[in-house]
Amino acid sequence: MEILVENEEVGKRLDVFLLGRFPNLSRSNIQNNLKRENSFLLRKGKKFFKPGEILKRGDVVFFNPLEPKEVSTKPQDVPFEIVYEDDDLAVVNKPQGVVVHPCLSCPEGTLVNGLLLKIKNLSSINGEIRPGIVHRLDKQTCGLMLIAKNDFAHANLSKQISEKTCKRKYLGLIEGAFKQPEGSIETLIGRDRKDRKKMAAFPLSDTTKGLKRAKTNYRMVEYFSGYSLVEFSLETGRTHQIRVHSKFLNHPIVGDLTYDGPKKFGLSGQFLCAYKISFIHPRTKENLEFKIQLPENFLKILNNLKK
């Protein structure tokens, strides 16, 4: 559907403009259309997909709405491990390949569906689609996650993540080795300009709107022939941050095909695990730390590399 922007609509956000034209659709539905590049704004032969793009005179909008899909929040038997649980929170180990919460592309079989089956109470701050979810991990990243069982705990844990009093550490296998055994990577991160489904790193001097500062600390743990095991910790929490920064240094995470990681060892996703988490208990104020062993297939890869 082709829509010419009228004079009185100039200055509006693209998603607000479409919401006005299609009041029966939700804002998230409209934004998902743009994210999937199913719809766009055309200006002087150039396509714009950003929901916040400001309309100008002469713009033309092409909109092909996706059919809304039902997402399921029913309890389901989804594999994950409860590492710790009390009345306020749980610490769970999410396996590789499990999506955290229902969405259009994955309406069921998510961690949330599994939580509803195994954990009686979950916080409501993030609504019925994301009950208990304080933070997320990528589908193909495994490891520890905090789950809030009430809104008091959720607000406190979210604040700890924001203020970095909650510490999360990851182990990843990279191709090659970083030049320094320990250091930091600091860039801006935003949508890749050639492929909007991916993120990309940009210099700190880049003034393009929408880019956000991202800083990752790393420490080399073990060297192998052609690969290295690295411990990562985040000072910011940007989408795909560790994966993007590893690619930025030309040493991508093994198995991360999205960011040019080598397809090796039969991996179905990136060799990246959130293996340690520490935080202050919201109610007791006790310092808690949890650590897990890497998945068996990751350990097998490391053992073979050592040989």
**OP:** Please check which bits of the range 224-268 a label hung off N303 would reach, taking the label as a point 7 Å along Cα-to-C-beta and the cut-off as backbone N under 16 Å.
**Re:** none
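Can you show me the helix-derived [θ] at 222 nm for the chain, built from DSSP H runs with n ≥ 4 at -39,500 (n - 2.57) apiece and divided by the number of residues, rounded to the nearest 500. It would help to have the intermediate numbers written out before the result.
Values: 6 runs with 57 residues, N = 307.
Roughly -5500 deg cm²/dmol at 222 nm, from the helical runs in the chain.
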Original post:
Which ordering of C273, C142 is given by a fewest-first count of other beta-carbon atoms within 10 Å?
Top reply: C273, C142
Subject >> Q180-E128 FRET efficiency (beta carbon distance; Förster radius 41 Å; 0.05 resolution) >> reply: 0.35
Original post:
What ranking do D15, D256 get, fewest neighbouring Cβ atoms within 10 angstrom at the top?
Top reply: D15, D256
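Would you mind calculating the gained length between F152 and L117 on full extension (0.36 nm times residue separation, minus the Cα-Cα distance), in nm to one decimal?
Numbers: separation 35, 0.36 × 35 = 12.60 nm, distance 2.18 nm.
Residue separation times 0.36 nm, minus the Cα-Cα distance, leaves 10.4 nm.
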Original post:
Using 1/(1 + (r/R0)^6) with R0 = 45 angstrom and r between the beta carbons of E108 and K291, what's the FRET efficiency to the nearest 0.05?
Top reply: 0.90
**OP:** Could you check which residue among E186, E289, E231 shows the biggest mean-square fluctuation in a GNM of the chain with a 10 Å Cα cutoff?
**Re:** E289
Original post:
Expressed as a fraction of 2.2 N^0.38 Å, the rule-of-thumb size for a compact globular protein of N residues, what is the C-alpha radius of gyration of the range 171-272?
Top reply: 1.04
Original post:
When the convex hull of the C-alpha atoms of the chain is computed, what volume per residue in Å³ does it have?
Top reply: 154
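Working out 0.36 nm times the residue gap between R57 and T236, then minus their Cα-Cα distance, what length gain in nm do you get to one decimal?
On the way: separation 179, 0.36 × 179 = 64.44 nm, distance 3.78 nm.
So the chain would gain 60.7 nm between R57 and T236.
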Subject >> Modelled label reach - R213, point 7 Å along Cα→Cβ, the range 156-180 residues with backbone N closer than 17 Å >> reply: 162-165
**OP:** Apply the Debye scattering formula to the range 69-163, with a single equal point scatterer on each alpha-carbon and no solvent, then give log10 I(q)/I(0) at q = 0.12, 0.21, 0.26 Å⁻¹.
**Re:** -0.32, -1.02, -1.51
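Since every read-out is calculated from the coordinates, none of them should be taken as a lab result. Quick caveat: nothing in here was measured; it's all calculated off a predicted structure. Cβ sites come from the backbone with ideal geometry, for glycine too, and all protein chains shown count toward neighbours.
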